[in-house]
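Working notes for the structure below.
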Amino acid sequence: MNISINGKETIISENSDRTVDSLLEELDVSQRLYVTVELNGEILERPAYETTPVKEGDVIEFLYFMGGGR
Amino acid sequence: MLTESQIERYSRHIILKEVGGKGQQKLLDGKVLIIGAGGLGAPVALYLAAAGVGTIGLADADDVDLSNLQRQVIHFTADIGKPKVESARDKIEAINPDVTVITYKEWVTAANIAGIIADYDFVIDGTDNFAAKFLINDACVLAGKPYSHGGILQFVGQTITILPGQSPCYRCLFPQPPPKDAIPTCSQAGVIGVLPGVIGSIQATEAIKFLLGKGKLLAGRILMYDALDMKFRDVEIKRNANCPICGEHPTITELKDELDALTVCDLKES
């Protein structure tokens, strides 16, 4: 199935059980425990990661903490 | 009224239809506070000084260290050991005598930040830790003060402009700071020296656009820059109804220090 991740069209295997949380694990996303996920333009609340399914055509952005500046 | 020397100094601004003499006067009347006189703060301070932003505040308790000079371009080798706010003030004054510099040789805290930001039109977050970044967000949101967030690490950086009450704030994106030591800092993970120059220059651009009232601010979208891929991307962000400070039912109504977000080295520095 095709989804967009951080602006890149990405093909992932068909899996009807896949949630946002399991996608983070599957892709080994950095800052997995802290990353903010925007799904189709809406920022997901963290408790929803485990219950929100990933569907064909989803547009997903991972937003990372970046603490540097000096 | 601009003097003859100011008309010459700012001629490349004045010739721009978006600036003109009136816009230049707005810059000269403008007050911008830069929190953190380091990697991000250095280019911001240099460009705002050159642009003729009339009042520049600098808040930082640190002294210049040899390891700063690879990226903090406002500090020179001879400045090692000097307070960063004094080193930066000297360069600003040397660039442009039109600028009044106000220095705060202290770390921002829940106790002092509201008083420090109060007199400024726009605030720049050039800090290097989450405790400060969340505190600046909270103070600016509660005071309705527009500000520019910047963050950098290794080869990537991001920045967003926050117009409290109108555009999403930092907590709309990240409701809580990460636990301390969960996310590496530049001192632990490194940073390519030119990176804060890119992100800081964008933050300075936002401050200037805000003062001029021209253009489209980087509000409601976060700009991400990857120096290795040499790519910029911006992602639209909506306000978060559940945001703990600017949402519909805020749980944060007064400032507090996010002590859990301080890293070991931050504590040592403070």
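The values are calculated or read from the model by the stated rules, or taken from the named source; none is laboratory data. Not measured: the values here are computed from a predicted model. Cβ atoms come from the backbone with ideal geometry, glycine included; neighbour counts cover every protein chain shown.
Results, tabulated for the structure shown:
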| quantity | calculated |
| --- | --- |
| Residue in segment B:169-185 that is within 17 Å of the chain's Cα centre (by Cα), more than 9 Å from chain A (Cβ to nearest Cβ) and closer than 18 Å to residue B:211 by Cβ present | no |
| Filter pass, residue B:134 being more than 12 Å from every other protein chain (Cβ to nearest Cβ), under 14 Å from the mean Cα position of the chain (by Cα), surrounded by 21 or more Cβ atoms within 10 Å (Cβ to Cβ) and at pLDDT 95 or above | no |
| In segment A:14-54, the residues that are surrounded by fewer than 17 Cβ atoms within 10 Å (Cβ to Cβ), more than 14 Å from chain B (Cβ to nearest Cβ) and of a type in the set (Asp, Glu) | A:14, A:17, A:25, A:26, A:28, A:50 |
| Checking residue A:57 against (1) within 14 Å of chain B (Cβ to nearest Cβ); (2) in a loop (DSSP other than H, G, I, E, B); (3) at pLDDT 95 or above, the condition it does not meet | (1) |
| Residue in segment B:198-215 that is within 19 Å of the chain's Cα centre (by Cα) and of a type in the set (Asp, Glu) present | yes |
| Residue within segment B:193-212 that is closer than 16 Å to residue B:150 by Cα, more than 8 Å from every other protein chain (Cβ to nearest Cβ) and assigned to a loop (DSSP other than H, G, I, E, B) present | yes |
| Selection within segment B:1-28 - assigned to a helix (DSSP H, G or I) and either hydrophobic (A, V, I, L, M, F, W, C) or touching a helix residue (DSSP H, G or I) at 6+ places or on another chain (Cβ under 8 Å) (or both) | B:6, B:7, B:13, B:14, B:20, B:21, B:23, B:24, B:26, B:27, B:28 |
| Scan of segment B:137-156 for residues that are within 11 Å of chain A (Cβ to nearest Cβ), more than 13 Å from the chain's Cα centre (by Cα) and crowded, with 22+ Cβ neighbours inside 10 Å, ordered by number | B:153 |
